[in-house]
Amino acid sequence: MVAISSWGRLNNFEHEVITLSDRHQVAQQLKNKNTGIAYGMGRSYGDVCLNPNGVLWQTTALDRFISFNENTGSLVCESGLLLHDIQHLLIARGWILPVTPGTQLITVGGAIANDVHGKNHHGLGSFGDHIKWLKLLRTDGTLIECGPELLPDWFCATVGGFGLTGVITEVEIQLRKVLSPWLNTETIAYANLDEFFQLADASEAHWEHTVSWIDCVAKEGRGLFMRANPIDGVEHQEPKARKLTVPFVPSVSLVNPLSLRPFNTAYFNIKKWQAGKSTAHYEAFFYPLDNLLEWNRMYGPKGFYQYQSVVPRAVGHDAVQEMLTEITRSGEGSFLAVLKTFGNRQALGMMSFPQPGVTLALDFPNKGQRTLKLFKRLDAIVREAQGRIYLAKDARMPRDLFEAGYPRLPEFLHYRDPGVSSALSRRLIGY
Ligand SMILES: Cc1cc2nc3c(=O)[nH]c(=O)nc-3n(C[C@H](O)[C@H](O)[C@H](O)COP(=O)(O)OP(=O)(O)OC[C@H]3O[C@@H](n4cnc5c(N)ncnc54)[C@H](O)[C@@H]3O)c2cc1C
């Protein structure tokens with residue numbers, strides 16, 4: 001047994017780890033008397049990828065490129081391949097992953113199972129929208145090949161199905177043409193939520209990527225709005241960014257009320273002063289946190305939560321304002337806080353997170369009951385607004401909020417593999 005945690009480092013549970021490395025042998029490896037769950041890079045924050053005292057099918061050795069069509073941008077690969085490796089190999093050849101989240105240190109299987117979103121949801125939807133087909137292995141040995149037109153019900157259950165329909169072994173992804181790894185960017189400071197929504201509305205038609213940093217200690221909702229478009233014809237140069245590492249787990253969280261307010265004020269003012277147009281390498285713009293390895297250690301030995309919700313656009317302003325008021329009143333939070341809008345499109349996955357609206361994501365050092373009490377107040381706002389919480393980030397949502405937020409749950413359960421179980425599924429579904 002090996003102690004394994006997820007990105008939030010809230011717990012360190014014992015697991016029996018079975019490494020999957022040959023896609024032709026996976027069927028045999030899944031036959032086990034204990035239930036299991038696939039585990040990619042463990043970049044999910046909560047318990048979606050954990051199975052305490054059970055089996056973890058570690059997928060990162062299923063990392064082969066199988067074929068690539070340089071004319072069409074169609075990539076066939078194994079599910080444990082990292083998005084980072086795809087980007088590094090193929091951007092220089094003029095192809096890019098259409099949708100990526102705020103880190104590229106995740107697997108293709110993890111990106112599908114959580115149907116991850118990026119900064120371009122308003123234009124290109126989520127990761128699952130770009131999958132042509134996938135192979136799903138069930139613990140009874142059945143292989144299901146599915147896609148948007150081939151057994152679409154299995155496909156829609158597996159995209160965003162948080163690993164519960166089986167193990168994805170192989171995938172075909174449609175990449176996007178790109179002429180350079182560089183982006184034209186613009187950063188604009190906003191003073192409150194009204195300005196944020198005006199910027200979001202004005203940007204969606206002309207900017208491919210939009211996102212904002214929000215100052216969670218300022219209840220009026222000030223922040224920095226960032227938007228970007230790919231640019232053509234800049235010579236390919238490697239970025240100079242140096243990777244740093246948080247070398248050890250400090251005995252207390254480095255993120256606390258004493259550090260948070262001065263940090264946020266200084267960050268906002270410096271960036272406001274530097275705001276304007278610029279060019280950025282795609283890695284710096286899309287994955288700024290990947291340059292600080294093991295940054296999750298800075299929250300200390302008790303770890304941290306991320307609370308990410310999405311609420312419909314019509315009530316978005318008021319709901320986000322209420323959440324910010326609760327958060328500033330509590331004095332909790334961290335400088336990692338993101339506010340962004342999702343486009344007006346329904347995700348194809350039955351259990352996918354993105355829905356039209358606005359999403360707020362904030363990290364919180366784990367302070368036990370104090371933090372959980374704040375989440376209860378935030379939950380009430382999300383419930384009232386008919387929103388939902390992102391399962392990839394969750395470690396504590398109450399079951400009724402899960403059921404209300406994911407109305408397709410009963411339909412999804414028909415596709416569940418009975419040999420697969422996770423801490424999250426037991427907590428929210430009961431098995
Ligand atoms: C810095 C940072 C930024 C992030 N930004 C974003 C963001 O902008 N947008 C966003 O959507 N997410 C974001 N995330 C969350 C992250 O993208 C997801 O949690 C992602 O799913 C993690 O992938 P993973 O390979 O680490 O999978 P894991 O966390 O190991 O697993 C995630 C889920 O996928 C399942 N799974 C993994 N492999 C397979 C497989 N082969 N077959 C079936 N199921 C499988 C697991 O069972 C589990 O349910 C961010 C995370 C971090 C740490």
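The values are calculated or read from the model by the stated rules, or taken from the named source; none is laboratory data. This is a predicted model, so every value here is computed, not measured. So basically every Cβ, Gly included, is an ideal-geometry build from the backbone, and we count neighbours across all protein chains shown. These area figures cover heavy atoms from the full protein model, side chains too; ligands, DNA and RNA do not enter into them. Shrake-Rupley method; radii C 1.70, N 1.55, O 1.52, S 1.80 Å.
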Run the 1.4 Å probe and let me know the accessible area of Arg416, rounded to the nearest 10 Å². 20
Can you give the charge dipole size of the chain about its Cα centre, rounded to the nearest 20 debye, using +1 on the beta carbon of Lys and Arg and -1 on the beta carbon of Asp and Glu? 1100
Name the residue farthest towards the positive end of the dipole of the stretch 244-391 from the options Met323, Tyr305, His281, assuming +1 on Cβ of Lys and Arg, -1 on Cβ of Asp and Glu, about the Cα centre. Met323
For the chain, the per residue accessible area (1.4 Å probe, Å²) is 41
If each residue of separation counts as 0.36 nm, what is the full-extension length gain between Leu258 and Arg176 once their alpha-carbon separation is subtracted? 25.1 nm
Please work out how much length the chain gains when fully extended from Arg64 to Ala404, using 0.36 nm per residue of separation minus the C-alpha to C-alpha distance, in nm with one decimal. 118.5 nm
Which far-off residues, 5 or more places away or on another chain, put their amide H under 5 Å from the one on Thr279, with H placed in the peptide plane? Thr185
If Glu283, Glu78, Glu16 are ordered by their accessible area, calculated over protein heavy atoms with a 1.4 Å probe, which sequence runs from highest to lowest? Glu16, Glu283, Glu78
Amide proton proximity set for Trp133, modelled H, under 5 Å, gap of 5+: Glu172
Just to confirm my numbers, what's the Cα centroid distance between the stretch 341-399 and the stretch 10-33 in Å? 30
Ranked highest first by the average count of other Cβ atoms within 10 Å around their residues, in what order do 294-307, 101-114 fall? 101-114, 294-307
222 nm [θ] for the chain, helices only, -39500 (n - 2.57) per DSSP H run of 4+, per residue, to 500? -7500 deg cm²/dmol
Can you give me the C-alpha center-to-center distance between the stretch 256-325 and the stretch 167-197, rounded to a whole angstrom? 16
For Lys33, which lysines qualify as cross-link partners when the Cα separation must be under 26 Å and same-chain residues fewer than eight apart are set aside? Lys135
Compactness check, the chain: C-alpha Rg relative to the 2.2 N^0.38 Å globular estimate gives 0.94
Ordering Thr371, Thr279 from largest to smallest accessible area (1.4 angstrom probe), what's the sequence? Thr279, Thr371
Added length on full extension, which subtracts the Cα-Cα distance from 0.36 nm per residue, Asp318 to Glu186: 44.9 nm
Sorted largest first, the C-alpha extents of the stretch 278-372 along its principal axes in whole angstrom are 39, 37, 32
Which of the lysines could a cross-linker span from Lys376 if the Cα-Cα distance has to be under 30 Å and same-chain partners fewer than 8 positions apart are dropped? Lys119, Lys219, Lys302, Lys340, Lys367, Lys393
